[in-house]
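Student: Structure below; questions to follow.
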Amino acid sequence: MPPALQIEQLSKTYESGFKALNSVNLTIERGELFALLGPNGAGKTTLISVICGLVRASAGTVRVHGHHWTEEYRTARRLIGLVPQELTTESFETVSATVNFSRGLYGLPKDPARIEQILKDLSLWEKRNSRIMTLSGGMKRRVLIAKALAHEPKVLFLDEPTAGVDVELRRDMWDVVRRLKASGVTIILTTHYIEEAEEMADRVGVITKGEIILVEEKNALMRKLGRKQLVLQLAEPLARLPESLTAYDLTLAEAGDELTYTYDSQGERTGITTLMSDLREAGVHFRDLQTKQDSLEKIFVNLVRQSQ
């Protein structure tokens, strides 16, 4: 069975000479939630636009469930749903009309029950007869998702779907995303809310300057690249670190009541046992300790810095 998306040597160079994508290779399996992270201008939206047929590629190929994106354009495009960043909707249309119209664009017969379920899942049912111009920004974002789902796509692109959406609406949307994923829909997500990717994604890809610099299973990425910290709450504040402890990667809090030791959790030795012994030798006692690990956001920032 072919993957949901197979992207090979995909490039995009604009007439100005700007290279937005540079030989991107990426495979996304069926049913996974893939988070694509990158700074502004990294190429995230260009990549999505090229895959969805909105921007013409300069080179490379894309296959959607095994269907070639240009040779089998209608079939490939029919399998894709896109929720864009921009709030692009017909302001004078009603919610129900615009969602039904999106389904009709793909030559599908009317399915009132299907549309009703989508609108209810997105808390839009009570607004179905409202003109889009009367809706809030968050509700308009929901309409975009409803339009993308109207033709029952197998691959769904969410390009910054929760930008400008309040916390409650964002939570509701992610409930819908979880249900879609559970039903077998492949989801590709770009987001500035990295905690969302950390919570939701199966795998993470990092793009910068039009190149994919890393693709990794999320938990493995955090284990591999995330530094761990041992935080010691001291029994008595220290004015400065004892000389015997300067060899360790220790940070003393400004108030002198907390020591933080940073170490590689994947290393053969963490050095914690030796540190504890040397702390006792130096007469430094602690009343509590805890461990912390880098978030996906810190890992992402470090990866981008390293690639520059």
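Since every read-out is calculated from the coordinates, none of them should be taken as a lab result. Since this is a predicted model, take the numbers as computed values, not measurements. So basically every Cβ, Gly included, is an ideal-geometry build from the backbone, and we count neighbours across all protein chains shown.
Student: Return the FRET efficiency for the residue pair T262, Y73: r is the Cβ-Cβ distance, R0 is 45 Å, and the value is rounded to the nearest 0.05.
Tutor: The calculated FRET efficiency here is 0.30.
Student: If you don't mind, another one. Could you list, in their original order, any pairs among K19/K154; K181/K209; K110/K147; K12/K181; K12/K218; K12/K147 whose Cα atoms are separated by more than 21 Å?
Tutor: Table pairs above 21 Å Cα-Cα are K19/K154; K181/K209; K12/K181; K12/K218; K12/K147.
Student: Rank W174, G43, H151 by how far each Cα sits towards the positive end of the charge dipole of the chain (+1 on Lys, Arg Cβ; -1 on Asp, Glu Cβ) and give me just the farthest.
Tutor: H151
Student: Which loop-located trypsin sites (Lys or Arg not before Pro) does the range 85-119 contain, where loop means any DSSP state but H, G, I, E or B and the Cβ has at most 12 other Cβ atoms within 10 Å?
Tutor: Answer by residue number: K110.
Student: Continuing with the same structure: If you wrap the range 227-295's Cα atoms in a convex hull and average its projection over all directions, what's the area in nm²?
Tutor: Averaged projected area of the range 227-295's Cα convex hull equals 4.7 nm².
Student: Quote the Stokes-Einstein diffusion coefficient, in whole µm² s⁻¹, for the chain, based on the Kirkwood radius over alpha carbon pairs, a temperature of 37 °C and a viscosity of 0.692 mPa s.
Tutor: D, rounded to a whole number, is 148 µm²/s.
Student: Can you compute the charge dipole magnitude of the range 5-223 about its Cα centre, using +1 on each Lys and Arg Cβ and -1 on each Asp and Glu Cβ, nothing else charged? Give it in debye, rounded to the nearest 20.
Tutor: Charge dipole, the range 5-223, about its Cα centre: 500 debye, nearest 20.
Student: Hey, another quick one. Rank-order 227-237, 244-254 by packing density, defined as the average count of other C-beta atoms within 10 Å over each peptide's residues, highest first.
Tutor: The peptides rank, most packed first, as 227-237, 244-254.
Student: Choose one of Y248, I213, G137: the residue whose Cα lies farthest towards the positive end of the charge dipole of the range 137-253 (beta-carbon charges +1 Lys, Arg; -1 Asp, Glu; about the Cα centre).
Tutor: G137
Student: Here's something else I'd like to know. Which whole-angstrom value gives the distance between the alpha carbon centres of the range 4-80 and the range 204-283?
Tutor: With the range 4-80 and the range 204-283 each reduced to a Cα centre, they are spaced 39 Å.
Student: Scattering from the C-alpha atoms of the range 1-154 alone, worked out with Debye: what is log10 I(q)/I(0) at q = 0.14, 0.16 1/Å?
Tutor: -0.79, -0.97
Student: State the dimensionless ratio Rg/Rh of the range 85-170 (Rg: radius of gyration of Cα atoms; Rh: Kirkwood radius).
Tutor: Radius of gyration relative to Kirkwood radius: 0.93.
Student: Determine the principal axes of the Cα atoms in the range 139-215, then give the extent along each, sorted from largest to smallest and rounded to whole angstroms.
Tutor: Here the Cα extents, ordered largest to smallest, are 34, 27, 21 Å.
Student: While we're looking at this one, here's another question. For the range 5-223, give the share of DSSP beta bridges that are antiparallel, in percent and rounded to the nearest 5; count only bridges with both residues there.
Tutor: The answer is about 55 percent antiparallel.
Student: Under the rule of -39500 (n - 2.57) per DSSP H run of 4 or more residues, summed and divided by the residues of the chain, what mean residue ellipticity at 222 nm is obtained, to the nearest 500 deg cm²/dmol?
Tutor: Mean residue ellipticity, 222 nm, calculated: -9500 deg cm²/dmol.
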